[in-house]
Amino acid sequence: DGGITQSPKYLFRKEGQNVTLSCEQNLNHDAMYWYRQDPGQGLRLIYYSQIVNDFQKGDIAEGYSVSREKKESFPLTVTSAQKNPTAFYLCASSIPFRDRGGQPQHFGDGTRLSIL
Amino acid sequence: QKEVEQNSGPLSVPEGAIASLNCTYSDRVSQSFFWYRQYSGKSPELIMSIYSNGDKEDGRFTAQLNKASQYVSLLIRDSQPSDSATYLCAVTRGNFNKFYFGSGTKLNVKP
């Protein structure tokens, strides 16, 4: 079955530590996204990528970094510069608008990050 | 002004009633509209997509789009307790691949 796999489901970060969240998709989607969701809040866009080796900052990129070396993978690193990283992180993918006009995003199951 | 606005709720309806969820968006060139359901602690799942003015029905769900008034709504007929969740409205426009999400409306269906 095609889908988006996020790992790990739960992650704990120590002070001063960088941690990396994995996101892999086998939907053959060009576009991939990372969102942050705080309790009781909506989704906030961290980074997105429309094609391999290219990505753009979203609304809250500070303290985060990404890479897009392969079409199916879009890992997110939460750096020590992100002082309040505790949140639910969601990865999503979609077919770009140019290809099939306004296709929806599909989400992984998420990673819950907490500070130790 | 937010790109997409939703009433945060909670919206409480009795079992079997119609639940009506509303969403407004700010950019007139928005072209694609989506409703997602998110259960507590889970990721959003797509319920409906709508691209043109009018109604689109899928089972107990009906999405309504009015581009002139810049709103999109979701009707849930014969509401069930299992429909209790937060419903997110999302909008995209043009060649941009960004999705703009509302903050969601929490729906409670009481048995």
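Every number here is computed from the coordinates shown, using simple stated rules; none is lab data. For clarity, every value in this text was computed on a predicted model and none was experimentally measured. Heads up, the Cβs are rebuilt from the backbone with ideal geometry, glycines too, and the neighbour counts pull from every protein chain shown.
Summary of values
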read-out	value
Translational D in µm²/s for chain A (Stokes-Einstein at 25 °C, 0.890 mPa s, Kirkwood Rh from C-alpha pairs)	173 µm²/s
Whichever aspartates and glutamates have a C-alpha closer than 15 Å to that of B:LYS110, once near sequence neighbours (fewer than 8 apart) are set aside	B:GLU15, B:ASP78, B:ASP83
Unit charges on C-beta of K, R, D, E only; dipole of the protein assembly as shown, Debye	340 debye
Of A:LYS57/B:LYS67; A:LYS70/B:LYS67; A:LYS70/B:LYS56; A:LYS71/B:LYS106; B:LYS2/B:LYS67; B:LYS67/B:LYS98, those spanning more than 26 Å from alpha-carbon to alpha-carbon	A:LYS57/B:LYS67; A:LYS70/B:LYS67; A:LYS70/B:LYS56; A:LYS71/B:LYS106
Sequence of B:TYR36, B:TYR71 once ranked by neighbouring C-beta atoms within 10 Å, starting from the fewest	B:TYR71, B:TYR36
Chain B: most fluctuating residue of B:ALA85, B:ALA68, B:ALA17 per GNM, C-alpha cutoff 10 Å	B:ALA68
Stokes-Einstein D (µm²/s) once Rh is taken as the Kirkwood radius of the protein assembly as shown over alpha-carbon pairs, at 25 °C in 0.890 mPa s	135 µm²/s
Sum of -39500 (n - 2.57) over DSSP H runs of 4+, divided by residues of chain A (222 nm, nearest 500)	-500 deg cm²/dmol
Relative contact order %, chain A, counting alpha carbon pairs below 8 Å whose residues are six or more apart	34 percent
Region A:24-67 - Rg (one decimal) and Dmax (whole number), Cα, Å	11.4, 34
Debye intensity ratio in log₁₀ form over the Cα atoms of chain B, taken at each q of 0.11 Å⁻¹	-0.31
Choice from A:GLN41, A:GLN17, A:GLN103 with maximal GNM fluctuation in chain A (Cα, 10 Å cutoff)	A:GLN41
Exposure proxy ranking, count of Cβ atoms within 10 Å, fewest first, for A:ILE115, B:ILE76, B:ILE50, A:ILE46	A:ILE115, B:ILE50, B:ILE76, A:ILE46
